[in-house]
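Note sheet for the following structure.
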Amino acid sequence: MERAIAHVRQNSDGTWAEPHWLGEHLEGVAELASKFASDFGNADWGLVAGFWHDLGKFLPDWQVYLKRESKYDANAHIEDYQGRPNHSTVGAIHSLERFNKHPFKAFNKNPLGRIIAYLIAGHHAGLPDWSNTAGSITSRTIENPLDEPIDQRYYHKEMETIKAIPEAARFLEQQLPVSIPTGNREIMYKPEQLQLWVHMLYSSLVDADFLDTERYMDSLQHDVRGNYPSIVTLKSTFDEYMLLKANSAPENPVKKPRQEILAACRAAAVEIPGFFDLTVPTGGGKTLSSMAFALEHAKNHHKTRIIMAIPYTSIIEQTAMVYSEIFGDGVVLEHHSNLDPERETRQSRLASENWDAPIVVTTNVQLFESLLVAKSSSNRKLHNLTNSIIILDEAQMLPTDYYRPVLSVLQGLVDFFGATVLFCTATQPALEGIIGSGAVKGQTIKGIEGVRHIIKDPDTLARNFVRVQIEKPINEIPSSWESIADDLKRFDQVLTIVNTRNDARTLHALMPPGTIHLSANMCGEERSEIIAQVKGRLKAAEPIRVISTQLVEAGVDIDFPIVYRAMAGFDSIAQAAGRCNREGLLNATGCLGRVVIFYPPKPAPVGFLRKGEDATKTLFHQYEQIELSQKLYTAYFREFYSRLNGFDAPEFEGLLASFAREFKFQFRSFAGKVRIIDDTTHESIIVLYDGEKNSSFPLVEELRAYGPNQGLSRKLQRFVVNVPKPLFNALKAVGCFEDIHGYTVQAGPGMYRKGIGFIAEGKQFDPSAYVI
């Protein structure tokens, strides 16, 4: 019998390369999966999953299909042909059989066989459900791995066929794994963490599968992976930078407090791994101090990587730029969450990130959807969270309706996978103890255990950082945009922050020529250019007026003497205040910066923004003087939490936690409910923008000619805009977009205008969908 084939590819001259033999592929995947899983004490689980994941490819039907349908096409191993043979089910059934002896009669007696069955059945399509219960979004499950009742005779026949193949037989009788989950028996006292363990095993398998496939399909891309400096080297580089910065920093009121914060972070880094929080006022140097903590902690406790998760892509752009200036190009991985292709191909899967860099700057959405969803290309990175340091920048932006699953996986990463988590913000939310007042349909949830506070007295620190006065509105009567514009025209330097993209465009249209507009209607490349321009004009003391959405509130290092803020949640107001008198330079003149709160013509959009606004109104009624202190933040979040509808929107408790001991997880159903950002309302498009330094035009042509790869995908992230679906559908219907290897690209000029961003004049759509 001919050797079984796993994958095929063509050489650059059009000839066929030697096939990727299936036996070699199984051995390669097993070796890598075992290595990855060994980081959390389960090398034997990774080894067996790797050996069994593609057993179905030994079947003659699959081999005939691969050769016939692909015509030795490079996409042959991706399951995107109609009527394809199923190659995942055999390995899943074999796992159930080996663990239980009688798979179709008594396998419920031993749940351990289900673990590897989950991994193998979903190694392309994503982790499946255990059973097809009411509300399940798929009928392909572990209990019933096909879309029709299991035909026992059929699978017995298939297994007999595979056992008769000498090359295959040696993979079947592997010794079963015996290591306990995460190498820690304590996990059995917290069984909800078993779903995280299965996710980690799954990540180990799919990343190993992708990497071994990439090694054959794209050796050049494979060879450049992992060529990064060590944590020790990065720390040395960082320390040199910080010393130079300290020696050259000008004297100002915030210099000494920043140095004290930095020293506190370095001192705390020697403590044992776990949960920490860093609560410092805006402008306190969180970006650098948190990295100082992380590098020191990593060196002391032999951590492998640092992951910083940030709520907005605009902050990612700035933060990654700061770190790249320190560490050099190519060291920091900037990974957005808004450029997943509409359809997966071989190339897009292999180009997906696995976070093997020592420093990763990413979004909250990317981090938590990767931890919670079932998609293979998203999950592949998770095993690299083992023994990592996770910095949650602007922790107040964690999605409250996902607190139950988010806090659970964070607790699991710390307790069982060696992670350290740092909550980092000026407005620390209440994440410890019991969260919720019980007023939300009687619902409360358990918060994080054992958080250590790097800053012992944040209110005293806040008083040392007083740089602004908050001016409450006299009443709750809305102002017209015209009157607000007239107010703003009185100032040479003023920043105004509003609640929606449409509000920003409306107010900007009423301002004098030269006023800068800034919103997420613009791609990241243009936003970075504009922010750099704003900083330059402020530094030169030139007149400058900016109308922006809240994307400038967190992490964008700009410093205005006056900031106007549309009524919003108190955390947003505090963040807006961080863009005012940031360096404390006005203090030397006996003045403070002014943060003026106003009621716009329309309230904030219904939902979390409106609930935050209403909670702030309550706070304004209760406190005569508004000071930026942890006391007020705690009062605000308590009021805000009491207005929420719940903390478990995707039903983590019912779908993943409730039947954990039996390993009866509804992975696919749970993932179908995870919408940390509601991607049902927006679509991501790559726009055509020719910037001062970079242009999307040649990148789009490269995508068209060669398809995606990691480097190209990272560059294209700078040119993405999220468009409301009604508008997207209307424009798509008239040919305004084209699909290029699964990516949606602006088809021609006219829809993107410098200084304004994405536009669609004359089209009918709801502009309130433009938020941020």
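The values are calculated or read from the model by the stated rules, or taken from the named source; none is laboratory data. Just so you know, these numbers come straight off a predicted model, no measurement behind them. Ideal geometry is used to build each Cβ from the backbone, glycine not excepted, and the neighbour counts take in all protein chains shown. Side chains are part of the model used for accessible areas, which takes the heavy atoms of the whole protein and leaves out ligands, DNA and RNA. Shrake-Rupley method; radii C 1.70, N 1.55, O 1.52, S 1.80 Å.
Worth pointing out:
- Scan of segment 269-281 for residues that are of a type in the set (A, V, I, L, M), modelled with pLDDT of 95 or more and crowded, with 19+ Cβ neighbours inside 10 Å, ordered by number: A269
- Scanning segment 535-566 for residues that are among the aliphatic types (A, V, I, L, M), buried (at least 24 other Cβ atoms within 10 Å of the Cβ) and within 17 Å of L628 (Cβ to Cβ) turns up A554, V563.
- Considering residues of segment 239-256 that are touching a residue at least 60 places away in the same chain (Cβ under 8 Å) and surrounded by fewer than 19 Cβ atoms within 10 Å (Cβ to Cβ) only, the residue farthest from L585 (Cα to Cα): Y241
- Odd one out for A649, checked against (1) part of a loop (DSSP other than H, G, I, E, B); (2) crowded, with 20+ Cβ neighbours inside 10 Å; (3) in contact with an Asp or Glu (Cβ under 6 Å, 6 or more places away or on another chain); (4) not polar (S, T, N, Q): (2)
- Summed over segment 591-620, the residues that are open to solvent by less than 60 Å² (accessible area, probe 1.4 Å) and part of a loop (DSSP other than H, G, I, E, B) give a count of 6.
- Restricting attention to segment 167-187, the residues that are more than 18 Å from A43 (Cβ to Cβ), surrounded by fewer than 20 Cβ atoms within 10 Å (Cβ to Cβ) and touching a residue at least 60 places away in the same chain (Cβ under 8 Å) add up to 3.
- Among the conditions (1) in a helix (DSSP H, G or I); (2) out of contact with any helix residue (DSSP H, G or I) (no Cβ under 7 Å at 6 or more places or on another chain); (3) among the basic types (K, R); (4) surrounded by fewer than 18 Cβ atoms within 10 Å (Cβ to Cβ), the only one that R668 does not satisfy is (4).
- Residue list for segment 352-388, restricted to those being assigned to a helix (DSSP H, G or I), more than 20 Å from Q318 (Cα to Cα) and either open to solvent by 10 Å² or more (accessible area, probe 1.4 Å) or at pLDDT 85 or above (or both): F368, E369, S370, L371, L372, S377, S378, N379, L382, H383, N384, L385
- Test: S236 is in a helix (DSSP H, G or I) and surrounded by 12 or more Cβ atoms within 10 Å (Cβ to Cβ): yes
- When V534 is tested against (1) in contact (Cβ under 8 Å) with a residue 40 or more places away in the chain; (2) in a helix (DSSP H, G or I); (3) among the aliphatic types (A, V, I, L, M), exactly one condition is not met: (1).
- Qualifying positions in segment 746-756 - in a strand (DSSP E or B) and buried (at least 21 other Cβ atoms within 10 Å of the Cβ): Q746, Y752
- For segment 294-310, the candidate set comprises residues that are under 22 Å from the mean Cα position of the chain (by Cα) and open to solvent by less than 10 Å² (accessible area, probe 1.4 Å); within that set, the residue that is modelled with the lowest pLDDT is I310.
- Evaluation of I5 against (1) within 30 Å of T182 (Cβ to Cβ); (2) at pLDDT 85 or above (one fails), failing number: (1)
- Options S34, S12, S38: the member that is open to solvent by 10 Å² or more (accessible area, probe 1.4 Å) and either more than 30 Å from the chain's Cα centre (by Cα) or at positive phi (or both): S12
- Subset of segment 508-524 that is under 26 Å from E317 (Cα atoms) and assigned to a helix (DSSP H, G or I) - its residue that is least open to solvent (accessible area, probe 1.4 Å): G524
- In segment 671-703, the residues that are of a type in the set (A, V, I, L, M, F, W, C) and open to solvent by 70 Å² or more (accessible area, probe 1.4 Å): I677, F697
- In summary, L727 fulfils each of the numbered conditions (1) at pLDDT 85 or above; (2) of a type in the set (A, V, I, L, M); (3) surrounded by 18 or more Cβ atoms within 10 Å (Cβ to Cβ) with the single exception of condition (1).
- Conditions (1) over 29 Å from V723 (Cβ atoms); (2) outside any strand (DSSP E or B); (3) at pLDDT 90 or above: number failed by P405: (1)
- Test: residue in segment 432-450 that is of a type in the set (D, E, K, R), in a loop (DSSP other than H, G, I, E, B) and touching a strand residue (DSSP E or B) at 6+ places or on another chain (Cβ under 8 Å): yes
- Residue match in segment 209-227 (condition: surrounded by 15 or more Cβ atoms within 10 Å (Cβ to Cβ), acidic (D, E) and part of a loop (DSSP other than H, G, I, E, B)): yes
- Test for E334: is it surrounded by fewer than 20 Cβ atoms within 10 Å (Cβ to Cβ), modelled with pLDDT under 90 and within 30 Å of S376 (Cα to Cα): no
- Of all residues in segment 268-324, those being among the charged types (D, E, K, R), within 24 Å of Q366 (Cα to Cα) and either assigned to a helix (DSSP H, G or I) or in contact with a Gly (Cβ under 7 Å, 6 or more places away or on another chain) (or both) number 2.
- Where a residue in segment 422-435 is free of Cβ contacts under 8 Å to residues at least 24 places away in the same chain and its partner, wherever it lies, is in a strand (DSSP E or B) and aliphatic (A, V, I, L, M), with Cβ under 8 Å and at least six apart: E432/I448; E432/V451; I434/I445
- Condition check for R452: more than 30 Å from R305 (Cα to Cα), of a type in the set (K, R) and open to solvent by 50 Å² or more (accessible area, probe 1.4 Å): no
- Of all residues in segment 415-426, at least one satisfies being closer than 23 Å to A576 by Cα, β-branched (V, I, T), at pLDDT below 95 and open to solvent by less than 10 Å² (accessible area, probe 1.4 Å).
Let's see how each residue does on (1) on the phi < 0 side of the Ramachandran plot; (2) in contact with a Cys (Cβ under 6 Å, 6 or more places away or on another chain):
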{"residue": "E251", "(1), (2)": "yes, no"}
{"residue": "K255", "(1), (2)": "yes, no"}
{"residue": "Q259", "(1), (2)": "yes, no"}
{"residue": "G274", "(1), (2)": "no, no"}
{"residue": "G284", "(1), (2)": "yes, no"}
{"residue": "L288", "(1), (2)": "yes, no"}
{"residue": "F293", "(1), (2)": "yes, yes"}
{"residue": "H302", "(1), (2)": "no, no"}
{"residue": "I307", "(1), (2)": "yes, no"}
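- Y706 vs. criteria open to solvent by 50 Å² or more (accessible area, probe 1.4 Å) and either polar (S, T, N, Q) or more than 19 Å from the chain's Cα centre (by Cα) (or both): yes
- Residue that is surrounded by fewer than 23 Cβ atoms within 10 Å (Cβ to Cβ), farther than 28 Å from H741 by Cα and touching a residue at least 40 places away in the same chain (Cβ under 8 Å), where the choices are L407, L392: L407
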